[in-house]
Structures are given as structure tokens and as C-alpha cells.
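Note sheet for the following structure.
The values are calculated or read from the model by the stated rules, or taken from the named source; none is laboratory data. The shown structure was predicted, so the numbers you read here are calculated from the model rather than taken from an experiment. Neighbour counts run over all protein chains shown; Cβ positions are idealised from the backbone, glycine included. Note: areas computed on protein heavy atoms with side chains; ligands, DNA, RNA excluded. Shrake-Rupley method; radii C 1.70, N 1.55, O 1.52, S 1.80 Å.
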Amino acid sequence: MTMTIERGPTTSAAPRAVARRGNRAPWEEPPTTVGQAAKGLTLGTMLAVVVVPLWIIVVTSLSTPGAVNRAGGLVIWPDGLTLEPYREMLGDPTVRTSLLVSLGITLVGTLVSMAVSVLCAYGLSRPRSLGHRFLLFLLIVTMFVSGGLIPSFLVVTGLGGYDQWWALILPSAVSVFNILVLRSFYSSTSADLVDAARMDGAGEWRILWSVVLPTSRAVTAVIALFYAVGYWNSFFNVMLYMPTDSAKWPLQYVLLTFVNRGNGLPGSVNSGFGSTHAQTAPLSLQMAVVVLTLVPLLIVYPFVQKHFRAGVLTGAIKG
Amino acid sequence: MSSGPMSTGRPRLSRLTRLRRDRSLLLMTVPAVVLLLVFNYAPLFGLVTAFQEYDPLIGVWHSGWVGLEQFGQLLGDPLFWESTVNTLYLSFVQLVLFFPIPIALALLLNSVLSERLRNFVQSVVYLPHFFSWVLAITIFQQMLGGAGVLNQFLRGHDIGTWDVMTNPHTFALLVTSQAIWKEAGWSIIVFLAALAAINTDLYEAAAADGAGRWRRMWHITLPGLRGVVVLMLVLRLGNALSVGFEQFLVQRDAVGHDAADVLDTFSFYYGIATGNYSYGAAAGLFKSIISLLLIWGANKLAHAFGEDGLYRK
């Protein structure tokens, strides 16, 4: 059973657009040299501002102390490479713990969020079901009205969330935006397929699991990435709910305190990191931590990125 | 796309029948609804603390009521006005410098003929959207900071140093360029979708009538983008008081609070960090109310231009 997975407002125009690509339509003017040069320059700049900093950081993280000294700081061209900074980083208990904490929060959080969101999105996606308009309204209100930082803080701490893992997951587990995206895809799952399954006696749970989910893998992957990135990147909730226990800090928070240390910003917290490492240039070590926060994203990104068809987002923006 | 057994049946079913039919659907929404009630709706009621002298030891039920006193204090607080002015200023700078960029980049990308090149550029420029603010600012620090690549180069050529990361006077430009670097690529996506939805026959017909590429852009492409541009503008204006939280949290120590305090961070620094919860809640409520008014106003504006905006009339 194969279906087109990328759906959304663009679908109808897509075939035409594809037909135009690849070679210039006969009625289009030939490109001007100046125009082509300006275009190339702009595209080159767009790529360079992302790629060049990452390149420099990766090269520096792999550089020997000598290379860092010769460069006077960050290394642009490889000049003596070593894996020593990474060995040292992974030998550091603070970084190791924080890596596990980050992976754990991201994994558990994404599972919780996806379970809750997929169920809710499907529950609201069947036309004319009881109460779905009211429930949708209940969801959408939260996108525009919020109690703000302090009332949320008081609710979480009032429920005993201080220093508890769940405080890093549950308050942000539901993204109404993501539910709306999922819902708009589930609503457009072929009615024939759903009806056929219902004829065969399948209940709603069965239909969700065996019909709707398999036909919307792409959007599921994209939404899972959104959630996972949110958990992986969060650090402010740590600042709010578990600022004191450094054994519970995720990687981003270690990076934050480490950035503070590395760049002489005040307010650094003594995490015990970086003080006893005289062997490797600390800069390489710092950049290795930066790379470490990037690695999981760079592993997952290529698999999910191809599904970011524009429809994924615009479907939700129009509600 | 309305069909399925639910729409095929008799015109009206009793509530009880529908409840029995839809009970598993309703059950599926329970976890999400409970989480939203606890973590989104309960805080709305927590806003009453803004009218109290909230004391965490005795709780929200027993804290004394002070009416609008917190708001009065807020309006007389120079730090609050500083945050408000900073927020509006930063919002304005972002609107002028940030907003047009994704539109221009989308037009540019759309004109690239090679599909592979377009896909490659897109996947690269989307990437920073997925970085945390800690990471993004670390990268800026390493490129433009006091010990960064730029100053390494300047020092190496005896030109002196130029530390943009700690300069409060250029902070607005700095945070705007950070926002552009991180989010402009991702913002392209919406405009690309709108561009793909424009009927290509229009271009062909216009070309047959002798319209050059700039006239086609003016008369076909830009009108085709109008709806989504207005929608984005409404969203941007509605969020004029939200210029970002973590971005400022991370950099506040480097540039000082005079430049980096915004309304989003005000509640944190002068509410939670000082234990003055009611005061912070009042500031949050103030911001929420103005924001709702802004969304409403921006939407009115969209209707005045004959567009749908966020919701229809």
C-alpha cells in the first residue's frame, strides 16, 4: 500500500512546478550575466554563513595545542589534527553525565509528546465527532493566551516539580501547533481507506495504528524531530527547576556554563569542568563540546529534512 | 474531503449515541487535554497572584489581596519602562531588517532552476533553526567575540579589536543579525509554498503579452505572495512584545541589563530571581493583555487590506 505522503496546499501546483524545473520554459528570457553573478553571490553567502563557522569549530575541536597556538585561537585550516580533545571530553564526568541526561530527556520526552500528540490529533481529526469543535477551541486558545512565566512556575513548583525530572518534560510536552499539523494530515487520510478498515470491523485505535499512522510517516517523522529538538535544546527549564544539582544538568546547560567560563562572562557556575585540563588546549576542548551538542542533530537531520515540504507548515498556519 | 461513515448517516444523532460512537476518540484526547489544563489553563488562574502580595509559604489561597498595587508600582518602575522601550525598539529593528529577507531569499531560491541546488541550499539554511540559542550564541561568540575569528584577524593585522558581543550600543543590530542567521532560512519555507502555488500559466500568458521578468514579478509573483506576507506581518505585529527570551538570557551578562532587558526577561529577573512573584506576574499579565490587543489590531488592519489575516471577519 503506497500513497503520496507529502500533502498540503502545494500539492495541486507541484506537478506543474516540477515540469517547469530543470530546463527553462521557452517563454523565459535568457539569464543576464550580472543577474547570474548576483544570484550566485547571494546563494554562496547564504551557504557560507552557515557552513564556514561550523567548519572552523570542527577543525578547532580536532586541533593540537600547537595548531591552536600557531593560529592564535580558532583554527581555520587544519594544521596538526588530533582526537585528544574528544578523548578528554568524554573522560570528563560532567560532560558524560550531561550527555546521558540530555539523551534521556530527549528520548523520554519525545516518546511522551508523540504519544500524547498523535492520539489527540487523531481523536480530533474525524469529521463530526462529538465535541471536537469545543476541544479544538480549547487547544487553540492556549496558542494566544498564556499565564506567562511566573504562574507556570508556581503551578509546577506547587505540584512538587522542583528538582524533579518530570518538570523538564511534562509542562512543555504538548505543542498545540504540532497537534494541528498532525491533525491536518490525519484529516486528509483517504476516507476510502478508513471506511474500508471500518467495514472490516476495525475500531478507532486499530484504524489509527494500521491505517492512519502508516500513511503519514513523513509528517510523524518531522513532528518527532521538532519535539526532539525542543527537548535537546532546552536549558531554561533547568535553570528554573533544577539549578543547583549539577548531576542533573543537560548538555546545553553545561555548554552554557562552559561558554561563560571560556569567554570570561560573569555568573559562571563551578561545574568542575575545564579546570584540571592542562594537556589539551582548552579551546579545542570547548569546541569539542560545541560539536557534541551538534552531533545528534546532524545524524538525524538528513533523514528527516527531505520531508520538510512546505505543506507541513502552511497546513498548520491556516489552522 | 468530508466523508466517512460519520457524515453518511442520518442528519441528527442523539448526543448519547454520538458519545457511545465517539468514546474512543474522546478518550484519545484525554492525555493532551489534561496536560493543557494543568500546565496552560491552571496558570491562567495563577494570574490572580498579580493582584496579591503572593507569599509562597502561605500559598495563593491565603495571600493577601492588594488590588492594582503591583501594576501601579510597575508603571513607576524605570526598569520596567526600560524593558518596554528595549522590546519595542528591538521589535522595530527586527521588523525592518529581518522581515523582508526571507521574502527576498524565497524569490531568489524559486528562480534557481536546478532542483538539486535548491534542495541543497534549503537544507543548509534550515539547519540553524534547529540549534539552541546557547549554541547559536556560542557560534557568534567564536566568530565575532573578543577572542573570536574576526578579532584574531584584526589583531593579526594590527588593526585593533572590535568586540561586538559586549557592546551595548550595537546590541540591537547584533541580536537582529543572530535572529536572521538562525531563523531567516527557516522562514523561507512559507513563502516558497506560496510561490509554488502560483499558477505558472499566468507567467506564460504575461510573457506572451510582452511582460519582462521584472514586470512579471511585479504583477504576478508579488500579488501571489500578498496573502501570506500579510499573514506573516499580522503574526509579527501580534508578537511585537515577544522578541525572544533565551537569546537575551544568555547574553545579558555580557552587555549589561540596560541593553538586554526586555519584557520577556523582566518577569524572570525581577519576579522569580528576586522572589517577588506577584510583581513578575503583573508584568507578565500586562504584556499578555497588550499582546492580545496587538493581535486584534493587526488583524483589523489585515481586514482593511482585504486579506484574511489570522482569522476571518
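Largest first, what is the accessible-area ranking of A:Trp232, B:Trp296, B:Trp81, A:Trp209 with a 1.4 Å probe? Walk me through the numbers before you get to the answer.
On the way: A:Trp232 20, B:Trp296 140, B:Trp81 110, A:Trp209 175 Å².
Most to least solvent-accessible, the answer reads A:Trp209, B:Trp296, B:Trp81, A:Trp232.
Using θ = phi - 60° and the Karplus relation 6.51 cos²θ - 1.76 cosθ + 1.60, list the HN-Hα couplings for region B:263-277 in order, rounded to whole Hz, with x at every Gly or Pro.
Residue by residue, region B:263-277 yields 4, 5, 8, 4, 4, 6, 6, 9, x, 6, 4, 9, x, 8, 4 Hz.
How far is it, in nm, from the label point at A:Ile299 to the one at A:Val108 when both lie 7 Å from their Cα along the line to the Cβ?
2.0 nm
Using modelled backbone amide H atoms (1.01 Å from N, in-plane), which distant-in-sequence or interchain residues come within less than 5 Å of B:Gln52's amide H?
B:Val66
Given +1 on the Cβ of Lys and Arg, -1 on the Cβ of Asp and Glu, and no further charges, what dipole in debye does region A:92-276 carry about its Cα centre, rounded to the nearest 20? Before the final figure, lay out the partial values.
Working: 10 positive and 7 negative charges, 44 e Å.
Result for region A:92-276 is approximately 220 debye, rounded to the nearest 20.
Considering chain B as a Gaussian network with a 10 Å cut-off on Cα pairs, which listed residue, B:Leu26, B:Leu117, B:Leu285, attains the greatest mean-square fluctuation?
B:Leu26
Considering only protein heavy atoms and a 1.4 Å probe, what is the carbon-and-sulfur percentage of the accessible area of region B:75-304?
Values: 6280 of 9460 Å².
Solvent-exposed carbon and sulfur of region B:75-304 make up 66 percent of the total.
Kindly write out, for region A:30-42 in residue order, the coupling ³J(HN,Hα) from the Karplus curve 6.51 cos²θ - 1.76 cosθ + 1.60 (θ = phi - 60°), rounded to whole Hz, with x marking Gly and Pro.
Working through the residues one at a time gives x, x, 8, 4, 4, x, 4, 5, 5, 4, x, 5, 5 Hz.
Name the residues of region B:277-297 whose accessible area, probed at 1.4 Å, falls by at least 40 Å² once all protein chains are in place instead of their chain on its own?
At a threshold of 40 Å² (probe 1.4 Å), the residues of region B:277-297 that become less exposed are B:Tyr277, B:Leu292.
Given a 1.4 angstrom probe, what's the average accessible area per residue across chain B, in square angstrom? Show your work: numbers first, answer last.
Numbers: 14980 Å² over 313 residues.
Ligands and nucleic acids excluded, the result is 48 Å² per residue.
Pull out the extension gain between B:Phe120 and B:Ala304, defined as 0.36 nm times the separation in residues minus the alpha carbon to alpha carbon distance; nm, one decimal. Display every interim value, and only then the final one.
On the way: separation 184, 0.36 × 184 = 66.24 nm, distance 3.94 nm.
The B:Phe120-B:Ala304 span can extend by a further 62.3 nm.
Please compute the alpha carbon radius of gyration of chain B, then divide it by the globular-protein estimate 2.2 N^0.38 Å. Two decimals is fine. Display every interim value, and only then the final one.
Details: Rg = 25.3 Å, N = 313, 2.2 N^0.38 = 19.5 Å.
Expressed relative to 2.2 N^0.38 Å, the Cα Rg reads 1.29.
At what distance in nm do the modelled label points of A:Arg87 and A:Glu29 sit from each other, each positioned 7 Å from its Cα along Cα→Cβ?
That separation, rounded to one decimal, is 6.2 nm.
Give, rounded to the nearest 20 debye, the magnitude of the charge dipole that the protein assembly as shown has about its Cα centre when Lys and Arg contribute +1 at Cβ and Asp and Glu contribute -1 at Cβ. If you can, show how the numbers build up before the last one.
Details: 42 positive and 33 negative charges, 528 e Å.
The calculated dipole for the protein assembly as shown is roughly 2540 debye.
Quick check on region A:31-82: what are the equivalent-ellipsoid semi-axes from the Cα gyration tensor, as sqrt(5λ), descending, whole Å? List each step's numbers first, then the result.
Values: eigenvalues 228, 17, 11 Å².
The equivalent ellipsoid of region A:31-82 has semi-axes of 34, 9, 7 Å.
If you bin every alpha carbon distance in the protein assembly as shown into 10 Å steps from zero, what whole percent lands in each bin?
Spelled out per bin, shortest first, that is 3, 14, 23, 26, 20, 11, 3, 0, 0.
Under the definition of Cα pairs under 8 Å and six or more residues apart, what whole-number percent is the relative contact order of chain B? Numbers along the way, then the final one.
Details: 289 pairs, mean separation 72.4, N = 313.
Once normalised by length, the contact order is 23 percent.
Amide H of A:Ser63: which non-local residues (sequence gap of 5 or more, or other chain) have their own amide H closer than 5 Å, using H built in the peptide plane?
Residues meeting the amide H criterion: A:Thr82.
Which whole-angstrom value gives the distance between the alpha carbon centres of region A:157-172 and region A:101-141?
19 Å
Using only the Cα atoms of region A:117-207, each taken as one equal point scatterer with no solvent, compute I(q) by the Debye sum, divide by I(0), and report log10 of the ratio at q = 0.17 Å⁻¹.
One equal scatterer on each Cα of region A:117-207 leads to -0.84.
Provide the convex hull volume over Cα atoms per residue for region B:5-61, in Å³.
Values: hull volume 8.3 nm³, N = 57.
Considering the Cα atoms of region B:5-61, their hull volume per residue is 146 Å³.
At R0 = 30 Å, how high is the FRET efficiency between A:Tyr162 and B:Leu37 if r is their beta carbon distance? Nearest 0.05 is fine.
Values: r = 21 Å, r/R0 = 0.70.
FRET efficiency, A:Tyr162 to B:Leu37: 0.90.
If R₀ is 25 angstrom, what is the calculated FRET efficiency for the pair B:Glu53 and B:Ile289, using the beta carbon separation as r and rounding to 0.05? Before the final figure, lay out the partial values.
Details: r = 21 Å, r/R0 = 0.84.
Computed FRET efficiency for B:Glu53 and B:Ile289 comes out at 0.75.
At a probe radius of 1.4 Å, figure out the B/A buried accessible area, summed over both chains, and give it in Å² to the nearest 100.
Details: alone 19700 and 18930 Å², together 29230 Å².
Buried surface at the B/A interface: approximately 9400 Å².
Where q = 0.14 Å⁻¹, what log10 of I(q)/I(0) comes from the Debye formula for region A:48-167, counting one point per Cα?
So the normalised log intensities are -0.89.
Which order do you get for B:His62, B:His303 if you rank them by accessible area with a 1.4 Å probe, largest at the top?
On the way: B:His62 140, B:His303 25 Å².
Ranking B:His62, B:His303 by accessible area, largest first, yields B:His62, B:His303.
Rank these by accessible area, largest first, 1.4 Å probe: B:Leu135, B:Leu57, A:Leu298. Please report the intermediate quantities before stating the final value.
Values: B:Leu135 5, B:Leu57 160, A:Leu298 85 Å².
Sorted by accessible area, descending: B:Leu57, A:Leu298, B:Leu135.
What accessible area, in Å² to the nearest ten, does a 1.4 Å probe give for A:Phe235?
About 0 Å², rounded to the nearest 10.
Tell me, what is the per residue accessible area of region A:92-276 in Å², probe radius 1.4 Å? Don't jump to the answer; show the numbers that get you there.
Values: 7180 Å² over 185 residues.
Heavy-atom accessible area per residue stands at 39 Å².
Tell me, Kirkwood radius of region B:207-313 from alpha-carbon pair distances, in Å? Write down the numbers at each step before the final one.
Details: mean 1/r = 0.0596 Å⁻¹.
About 16.8 Å, per the Kirkwood formula over Cα pairs.
Determine one quarter of the surface area of the Cα convex hull of region A:92-276, which equals its mean projected area, and express it in nm² to one decimal.
Details: hull surface 52.4 nm².
Result: a mean projected hull area of 13.1 nm².
Rounded to the nearest angstrom and ordered from largest down, what semi-axes does the equivalent ellipsoid of region A:162-253 get from its C-alpha gyration tensor (root of 5λ)? Walk me through the numbers on the way to the answer.
Working: eigenvalues 289, 33, 19 Å².
Those come to 38, 13, 10 Å.
From the residues B:Phe130, B:Gly224, B:Ala281, which one has its Cα farthest along the dipole of region B:75-304 in the positive direction, the dipole being from +1 and -1 charges on Cβ of Lys/Arg and Asp/Glu about the Cα centre?
In region B:75-304, that residue is B:Gly224.
Between B:Val96 and B:Ser14, what is the label-point separation in nm under the 7 Å Cα-to-beta-carbon projection?
Label-label distance for B:Ser14 and B:Val96, simple model: 6.7 nm.
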